[in-house]
Number of protein chains: 2
Amino acid sequence: MNLEIEKQKYGITVGDYVYEVIKKNIINLNMVPGSRVSEKEISDILNVSRTPVREAFIKLSKEGLLYVRPQRGTYIDYIDLGVVEDARFIRESIEKSVLKLAIEKFPEELLDVLQENINAQKDLIDQKAYYDFLMMDEEFHKTIFKGCNKERAWSFIEQINSEYKRVRMLTFFADINWKDVLNQHVQILESIKNKDEQMGQEVISNHINKLIFEQVELKKKYPEYFKED
Amino acid sequence: MNLEIEKQKYGITVGDYVYEVIKKNIINLNMVPGSRVSEKEISDILNVSRTPVREAFIKLSKEGLLYVRPQRGTYIDYIDLGVVEDARFIRESIEKSVLKLAIEKFPEELLDVLQENINAQKDLIDQKAYYDFLMMDEEFHKTIFKGCNKERAWSFIEQINSEYKRVRMLTFFADINWKDVLNQHVQILESIKNKDEQMGQEVISNHINKLIFEQVELKKKYPEYFKED
DNA sequence: ATCGAAAAATTAGTATGGTAGTATGGTAAC
DNA sequence: GTTACCATACTACCATACTAATTTTTCGAT
């Protein structure tokens, strides 16, 4: 196991620190789906006791990133395309509702923020900074929610989104999309500016549905990461 | 503190047992929003150590039912109408999408299950069994998701639904709806049977939106349960 | 060599004690 | 009366020890 570890920030508890470290390493696929982790192993690596590790495990298993088999062991969950599909279904439902709100009313200053975000995305594409691009992508969508006073709804999506993020990471490894995603973001921004609901709805459908067609390909390319049906 | 306690079932861990007990008592408002709980207090009441209590607290705070102030104390979260509204927004978005699926295709045998569920609801209304009616209500919606192969999507909703459930409990205390809810369930079932999408969408909007109009009234009646703006 | 049972090792679950941060109530100084 | 300080009594956080369930290894019998 080769964890990417950041220094513990001052002021956060050990438990939260462990949680953040593990979560990041699962999402960027540094911790391989299906592999086994143990409380003791992690506590040794991070030089903390088992208690905070255990608490981090509890949170992560509630997010569907870990799977605890009592008295047996804890495993990184395989990517479950069924779960991903349902996450996509939910995101599409909610994002369409939000876009409807955004087209009715959206604060000027946040339009600029969205534009800046898109510019930043371009840079990250050039630098091939996968993880950071993914985060910036999420930030883009979050900003739209923010503009509609639906930040809480976004944080809900966050909770079910971890699985989705891992697939996104894979698509980047496989070099599948990148610029398509960026273009779609540009189109979404346009549709908000021009108050063109129909275009917006279509782009969002494509934007999120895109994934479906890629999944089969991904599973072929990285079968070891996926749950058997 | 006067907890409603059920015997621990055989086969589940102490931690899960504690979690279930506390969750139930928060949702049925037996544990009053804003009041303080401590690991020690609960562990004494349930005759377990502090560790499983602590782990239950972690889960519950991730669901927004508790909030932990490190080194200070743990409190039952106030009902936050902002959160409730966003939960409603999300549910409406998703349930509409699901209803669309249900109208396209829904298994016969589950139609019968829905009908039986409605009958059971009638009984529970007569018995004035608040909590059980609420659970049966949730079961009704869950069954619809099930028929569309969207069970996972339902379990996502479950995660954000606890807050919503507390408000539902309040509406029952206040004797606001009951039969309205039942009638709407009947209508939803009808719309699936008759493949009448428009009627279904409308009922769902009303069904879930209903709450908004009741909230102001509830907050007046039970101000001590709600978060200050 | 193969099989099977006992022993050892490893796992997560639970209990407990100590620590550091925080709230509170009393008391002395002003 | 007001303020600053200190003792005390909480709190959640964390480390450690122990338990129970399960897996792996060992080793002897066949």
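The values are calculated or read from the model by the stated rules, or taken from the named source; none is laboratory data. These numbers come from a predicted model, not from an experiment. As a convention, Cβ positions derive from the backbone with ideal geometry for all residues, glycine included, and neighbour counts pool all protein chains shown.
Let's see how each residue does on (1) in contact (Cβ under 8 Å) with a residue 24 or more places away in the chain; (2) within 16 Å of DNA strand D (Cβ to nearest atom):
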| position | (1), (2) |
| --- | --- |
| A:T13 | yes, yes |
| A:V18 | yes, yes |
| A:K23 | yes, yes |
| A:M31 | yes, no |
| A:K40 | no, yes |
| A:Y67 | no, yes |
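Quick check on A:K23: is it more than 16 Å from DNA strand C (Cβ to nearest atom), surrounded by 14 or more Cβ atoms within 10 Å (Cβ to Cβ), within 14 Å of chain B (Cβ to nearest Cβ) and in a helix (DSSP H, G or I)?
yes
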(message) So, in the stretch B:42-75, how many residues would count as being assigned to a loop (DSSP other than H, G, I, E, B) and near DNA strand C (Cβ under 8 Å from one of its atoms)?
(response) 6
(request) Out of B:Y164, B:Y75, report the one residue that is within 16 Å of DNA strand D (Cβ to nearest atom) and under 29 Å from A:G15 (Cβ atoms). (result) B:Y75
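For the condition more than 16 Å from DNA strand C (Cβ to nearest atom), surrounded by 18 or more Cβ atoms within 10 Å (Cβ to Cβ), within 18 Å of the chain's Cα centre (by Cα) and modelled with pLDDT of 90 or more, what is the one hit in B:I79, B:I103? Outline the logic, then answer.
Numbers: B:I103 fails: within 18 Å of the chain's Cα centre (by Cα).
Just a single option satisfies the conditions, and that option is B:I79.
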(request) Could you pull out the residue among A:S97, A:S61, A:S49 that is of a type in the set (G, A, S), away from DNA strand D (no atom under 16 Å from the Cβ) and farther than 23 Å from A:S205 by Cβ? (result) A:S61
(message) Filter the stretch B:38-53 down to the residues that are over 13 Å from B:I5 (Cα atoms) and surrounded by 20 or more Cβ atoms within 10 Å (Cβ to Cβ) and list them by number.
(response) B:P52, B:V53
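With respect to A:E108, is the statement that it is free of Cβ contacts under 8 Å to residues at least 24 places away in the same chain, outside the structural domain of A:F173 (by TED's automatic domain parsing) and more than 15 Å from DNA strand D (Cβ to nearest atom) true?
Details: free of Cβ contacts under 8 Å to residues at least 24 places away in the same chain: yes; outside the structural domain of A:F173 (by TED's automatic domain parsing): no; more than 15 Å from DNA strand D (Cβ to nearest atom): yes.
No: the conditions fail for A:E108.
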(request) Residues being small (G, A, S) and within 19 Å of A:D112 (Cα to Cα): count how many of those fall in the stretch A:132-174. (result) 1
(request) Return the residue satisfying two criteria in turn: it lies in the stretch A:39-63 and is farther than 24 Å from A:N161 by Cα and among the small types (G, A, S), and of such residues it is farthest from the other protein chains (Cβ to nearest Cβ). (result) A:S43
(message) If I filter the stretch A:1-46 down to residues being among the basic types (K, R) and in contact with a Ser or Thr (Cβ under 8 Å, 6 or more places away or on another chain), which single residue comes out as nearest to A:E228 (Cα to Cα)?
(response) A:R36
